[in-house]
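Accompanying notes for the structure given below.
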Amino acid sequence: MEKEESSSSFSTGKSAQEGALPYVPDCYVIPSSHRPDMAPEAAYVPIIDFGRLNEGREQRSMVIKEIGNACSRLGFFQIVNHGICQSILDGALSTAFDFFKLPSEEKMKFMSGDVHRPVRYSTSLKDGIDEIQFWRVILKHYAHPLDHWIDFWPKNPPNYRENMGKYCTEERKLALELMSAITESLGLGPKYLVNKMDEGMQVMAVNCYPPCPQPDISLGLPPHSDYTCLTIVLQSSPGLEILDTEDGSWKMVPKMQSALQVHVGDHLEVLSNGRYKSVVHRAILNRGSTRISLASLHSLGMDEKMETAKELVDEKNPKGYKESSFRDFLNFLSKNDLAEGKSFIDTLKIKN
Ligand code: OGA
Ligand code: NI
């Protein structure tokens, strides 16, 4: 069923999570079979010392192996020693907190239900359109090339552009280095995607999950995988769960000071012909405090099709995915409800 974008009837600043409602309205209630466990098991998440990538050939090849293993086993890892200084991380988180504290008129300037907008403020996923609502608020904006987009970003809080700009620039550098390491780990060499990534997109998703009075019956974000090649996330406190495909259970990503989380996205699964799996994840809530996460989404250009590397296709491993672009994903998102379990990657799979 196609759903209309109805920006005209769309209003924000009035959602339950923004208004700190003391109960969870029915439209936020998750079916009982999908509710979160309030005492989830911790995930075993590989921690990769990124600094070792540039400490000589031997160290580099060990790290590349570790990254490859993490991408194929979980599609997820954390990196430390990533070279982004603490003041940049703290500055980005604190300006994000300040943005969400602004009066709603200020945030409403950016509101839109249109997923194609380069800067948009929204609650849930597609407010008022999706059947189930999620307890989050989000500011999403394009971030590369920075000088092209920064003038469209919020002017308030006054340090938003500077702090978030520095953070986005650092994240992008890191993403390019990571993609080089990842294509190397696939046996494609470090330069395989460099040109296309240089022309690629970066979208910053600034997520805010206000305290929730009933975190056991609602979610901040439903299970999904990201459309990206890679997503790099900085969080203010724990709340991310990943699906352990070995036993089908949800596991909490443990807190690690200064670490960044790396998610394998759908387009990397496509490139790798399924050797690397995009990680299915969701955001859970808590009663006590607001949680912020900064998800930096990295992909090829808007209309650049990601295709499976020919080098990874043979008789034993036939091509498993159709090609697609970021725009294809946006078109999918505008017509489908993630909470109903629709997933972009499923639409790309070729049944062999
Ligand atoms: C996302 C996402 C997770 C989080 O923005 O795609 O998965 O921890 N965020 O907020
Ligand atoms: Ni995600």
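Here are the numbers for this structure:
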read-out	value
Estimated [θ] at 222 nm from DSSP helical runs (n ≥ 4, -39500 (n - 2.57)) normalised by residues in the chain, nearest 500	-8000 deg cm²/dmol
Rg(Cα)/(2.2 N^0.38 Å) for the stretch 7-147, N = residue count	1.40
Sequence-separation-based contact order of the stretch 204-329, relative, with Cα cut under 8 Å and 6+ spacing, percent	36
Of all accessible heavy-atom area on the stretch 139-208, the percent that carbon and sulfur account for (1.4 Å)	52
Cα shape, the stretch 300-342, gyration tensor, a/c 1.5 rule	oblate
With Cα atoms, 0 to 90° folded angle of helix 326-335 axis to the chain main axis	40
The stretch 140-282: proportion of alpha-carbon pairs further apart than 25 angstrom, %	37
Between helix 160-185 and the chain: long-axis angle, C-alpha atoms, 0 to 90°, nearest 10	30
All Cα pairs of the chain, percent lying beyond 39 Å	10
The stretch 255-303, accessible surface, carbon-and-sulfur percent (1.4 angstrom probe)	50
Cut-off of 10 Å, at most 16 other beta carbons, DSSP loop: longest stretch of the chain lacking such chymotrypsin sites (Phe, Trp or Tyr not before Pro)	45-352
Of TRP149, ASN159, TRP135, farthest towards positive along the dipole that unit charges on Lys, Arg, Asp, Glu beta carbons give the chain	ASN159
Three-way shape call for the stretch 197-352 based on the alpha-carbon gyration tensor, with the a/c threshold at 1.5	prolate
Mean accessible surface per residue for the chain, computed with a 1.4 Å probe while every protein chain stays in place, in Å²	44
Candidates SER122, SER87, SER237, ranked by Gaussian network fluctuation over the chain, Cα under 10 Å, top entry	SER87
Length-normalised contact order of the stretch 74-230 in % [C-alpha pairs under 8 Å, at least 6 apart]	26
Accessible heavy-atom area order of GLU241, GLU58, highest first, probe of 1.4 Å	GLU58, GLU241
For the stretch 94-174: rounded, prolate or oblate by the Cα gyration tensor [a/c cutoff 1.5]	prolate
Listed residues HIS34, VAL279, LEU178: farthest to the positive end of the dipole of the chain (Cβ charges)	LEU178
Nearest 10 degrees, 0 to 90: helix 86-101 Cα axis against the chain principal axis	30
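The values are calculated or read from the model by the stated rules, or taken from the named source; none is laboratory data. This is a predicted model, so every value here is computed, not measured. Reconstructed Cβ throughout: ideal geometry from the backbone, glycine too, with neighbour counts over all protein chains shown. Calculation scope for accessible area: heavy atoms of the full protein, side chains included, ligands and nucleic acids excluded. Shrake-Rupley method; radii C 1.70, N 1.55, O 1.52, S 1.80 Å.
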